[in-house]
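Inspection log for the structure reproduced underneath, given as structure tokens.
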Amino acid sequence: MKRRHSMPFGAECQDDGSVRFRLWAPAAQQVELSLPEGVHPTLLPLEPRDYGWFELTTNVAQAGSRYCFRIDENLEVPDPAARFQPHDVHGPSEVIDPSAFDWQDETWRGRPWHEAVIYELHVGTFTRTGTFAAAIEHLDYLADLGVAAIELMPVSDFPGKRNWGYDGVFPFALDSTYGKPDDLKALIQAAHARGLMVFLDVVYNHFGPEGNYLNAYAPQFFTSRHKSPWGDGINFDGADDRPVRDFFIHNALYWLTEYNFDGLRLDAVHAIVDDSRPDILTELAETVHAALPPDRYVHLILENERNQAKYLRRNSSCRPKTYTAQWDDDIHHVLHVLVTGEQDGYYSDYTDVTADRLGRCLTEGFAYQGDVSHYKHGAKRGESTQGVPLTAFVTFLQNHDQIGNRAFGDRITKCSDARAVRAAVAVLLLAPSPPLLFMGEEFGADTPFLFFSDFQGDLATAVTQGRRNEFARFSSFNDPAKREQIPDPNALATFEASQLAWETISQPQHQEWLALYRQLLQLRRQHIIPRLAAACKIDSSYQVIENRGVRVVWKFPDSTLVLVANLSAESLPNISNPASPFIYSNAATDDLAHGTLAPWSVTWFLES
């Protein structure tokens, strides 16, 4: 089976063996195709078209040819829609023929969302080799663990040999450090053969600081009317916005069709400013749903600190109108405060009525639904989640941000009691909302996940100093000498320290963690997932017990799920437990019988 997404830009192999090149360059007077290989590099003019487009179809190039665009006889630039950049962001692009890969998963249609258990991984640090091919070797392990999907942090081409991926500048070209296009396709196909969905993290809010040439020939791609943390915003709502919107909409379609990904996670959409209607998020989602077969499961997920529930609404058939789910930072922050006691930064919004906020997350999704945020200086945050199913909120105790944005990349097991972490895990993995794990957490990995990059020169210095200065507002880093101890993002050692140490998994302490995760995920498959299939709206309620414990009830059509938890280091007496047997408990049987919850006790009951 062949898969190809036809795009209105970039290099497209034609059925007759020729290649069509197309570039939007509204600020250019002349564009030439530069084919640098051979003794005498070839220059071929592209014909100007309406609205700033230039186009050429030629038999001189073919699959595998390296090429650039020469702007106004002066500047040579890679193709912003290149499918592959074999020599990094400043090198020539390569013509890729998508039909060269022979897909064997034509019967794969994905998996329904209620089955989702997501495993987030960074390709470069998931294994010592750091390639797509090496990741395949761990797919059997992940399937046996009980996850339903792997989620790749961004793989688009970035400067240098190592990066989190959020500094990408070629959204259609995977980074050559990880492998070639066919290597990624092989990983996805191998995952599908094991019943695993594959999601991709994509970045539509900015381009990285190195290797983006768009301003030189298409400055209309950006606008000074809107600002982002990275400078001028992307022009989604001004003059000449159509090619810009199409660029990102086609990117989503490209990954979902040509690579057969099962879903996309859109990074930090709160940083996208778009005053048009429909906005880019709505148009992108509606276009994806209309373009793909109705019998195929494709899931679009948001990261959105604004808690805009409007993007998560369902239709009368309980299918997403636009987006399937959103990462729920609220429940992470609540559990982190309960487990670690930390109160710095955004955690300060979760230190009051903490157990109440947890109960609200477990029954309504967001803790902040138009509530005042003191961390944001009194601004209101969020929208009501009424009518939005609990399956629309992805929950987690760890992810790349919440680990990597700590000064030393320490995992939660390094900054809290193991009993507390196990209690939080037991809450998340059996609650109705789909859980997400970050690579290695299931075996209690000791390796940190640090912020790393591979910039050079002044940019490298700026990134290193900027990273360290981010922590100046924390009391423990007031001293500049202390901040100098924060690992240098550009040092190779910082990257190497973040690679998972799979060889440690056989050690007893790691086997204990792994056994817990396997047990809980097996219970989720047995008791929770079957009930979610027919439960778009779950009647739920919660009761706070002395602001350190919760009793939560979810009513399904055939049964009632009850959680009783003490998320503190002190016992809770006089607890009323259901008469039904529990499906999981880490509490002593005598304590349950006497209505006492010992510290960090979690018990799940299922009443048929």
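The values are calculated or read from the model by the stated rules, or taken from the named source; none is laboratory data. Values in this document were obtained by computation on a predicted structure and should not be read as measured data. Positions of Cβ are backbone-derived with ideal geometry, glycine not excepted, and every protein chain shown enters the neighbour counts.
Taking the criterion of being surrounded by 24 or more Cβ atoms within 10 Å (Cβ to Cβ) and farther than 14 Å from Val394 by Cβ, no residue of region 320-332 qualifies. Looking at region 387-394, is at least one residue in a strand (DSSP E or B) and either modelled with pLDDT under 95 or within 18 Å of the chain's Cα centre (by Cα) (or both)? There is at least one residue in region 387-394 that is in a strand (DSSP E or B) and either modelled with pLDDT under 95 or within 18 Å of the chain's Cα centre (by Cα) (or both).
Among the candidates Ala81, Ala135, the residue that is closer than 30 Å to Ala515 by Cβ, out of contact with any Pro (no Cβ under 6 Å at 6 or more places or on another chain) and not basic (Lys, Arg) is uniquely Ala135.
Scanning region 152-176 for residues that are surrounded by fewer than 23 Cβ atoms within 10 Å (Cβ to Cβ) and on the phi > 0 side of the Ramachandran plot turns up just one, Gly160. The residues on offer are Ala63, Ala100, and the sole one that is touching a residue at least 60 places away in the same chain (Cβ under 8 Å), within 23 Å of Asn260 (Cα to Cα) and among the small types (Gly, Ala, Ser) is Ala100.
Please determine whether any residue of region 505-512 is buried (at least 17 other Cβ atoms within 10 Å of the Cβ) and within 19 Å of Leu450 (Cα to Cα). Scanning region 505-512 turns up no residue that is buried (at least 17 other Cβ atoms within 10 Å of the Cβ) and within 19 Å of Leu450 (Cα to Cα). Where helices (runs of 4 or more DSSP H) fall entirely within region 403-522, those with at least 3 residues that are touching a helix residue (DSSP H, G or I) at 6+ places or on another chain (Cβ under 6 Å) are at 418-430. If you check Thr129, Thr125 for being in a loop (DSSP other than H, G, I, E, B) and more than 20 Å from Pro80 (Cα to Cα), only one passes: Thr129.
Okay, residues lined up against (1) free of Cβ contacts under 8 Å to residues at least 24 places away in the same chain; (2) buried (at least 19 other Cβ atoms within 10 Å of the Cβ):
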| residue | (1), (2) |
| --- | --- |
| Ile150 | no, yes |
| Tyr178 | no, yes |
| Val203 | no, yes |
| Gly211 | no, yes |
| Asn215 | yes, no |
| His226 | no, no |
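Just one of the numbered conditions (1) within 30 Å of Ala587 (Cα to Cα); (2) buried (at least 23 other Cβ atoms within 10 Å of the Cβ); (3) of a type in the set (Ser, Thr, Tyr) is not true of Ser416: (2).
Of the strands (runs of 3 or more DSSP E) lying entirely inside region 40-98, those containing at least 2 residues that are in contact with a helix residue (DSSP H, G or I) (Cβ under 9 Å, 6 or more places away or on another chain) span 66-71, 75-77. In the set Asp590, Asp539, only one residue is in contact with a Lys or Arg (Cβ under 7 Å, 6 or more places away or on another chain) and surrounded by fewer than 16 Cβ atoms within 10 Å (Cβ to Cβ); that residue is Asp539. For Val425, the conditions (1) of a type in the set (A, V, I, L, M); (2) at pLDDT 95 or above; (3) outside the structural domain of Asp344 (by TED's automatic domain parsing) all hold with the exception of (3).
Residues in region 357-372 that are under 24 Å from the mean Cα position of the chain (by Cα) and either without any contact (Cβ under 8 Å) to a residue 12 or more places away in the chain or not assigned by TED's automatic domain parsing to the domain that holds Gly387 (or both): none. Cβ-Cβ distances below 9 Å connect the following pairs, each with a first residue in region 384-401 that is in the same structural domain as Gly444 (by TED's automatic domain parsing), a second residue that is among the polar types (S, T, N, Q) and assigned to a strand (DSSP E or B), and a separation of six or more residues or different chains: Leu390/Ser540; Ala392/Gln326; Phe393/Gln326; Val394/Gln326.
Is it true that Glu383 is crowded, with 18+ Cβ neighbours inside 10 Å, in a loop (DSSP other than H, G, I, E, B) and in contact with a helix residue (DSSP H, G or I) (Cβ under 9 Å, 6 or more places away or on another chain)? Yes, satisfied. Just so you know, in region 524-540 the residues that are part of a helix (DSSP H, G or I) and charged (D, E, K, R) include one that is farthest from the chain's Cα centre (by Cα), and it is Arg531.
Return yes or no: is Ser580 part of a loop (DSSP other than H, G, I, E, B) and either buried (at least 19 other Cβ atoms within 10 Å of the Cβ) or in contact with a helix residue (DSSP H, G or I) (Cβ under 7 Å, 6 or more places away or on another chain) (or both)? Judged against the criteria, Ser580 is not a match. Whether any residue in region 563-572 is surrounded by fewer than 16 Cβ atoms within 10 Å (Cβ to Cβ) and outside any loop (DSSP other than H, G, I, E, B) is what I want to check. For region 563-572, residues surrounded by fewer than 16 Cβ atoms within 10 Å (Cβ to Cβ) and outside any loop (DSSP other than H, G, I, E, B): absent.
Of all residues in region 132-154, those that are of a type outside the set (Phe, Trp, Tyr) and outside any loop (DSSP other than H, G, I, E, B) total 14. Looking across region 99-112, just one residue is of a type in the set (D, E, K, R) and touching a helix residue (DSSP H, G or I) at 6+ places or on another chain (Cβ under 9 Å), and that is Asp105. Residues in region 444-476 that are among the aromatic types (Phe, Trp, Tyr) and either on the phi > 0 side of the Ramachandran plot or within 21 Å of the chain's Cα centre (by Cα) (or both): Phe449, Phe451, Phe452.
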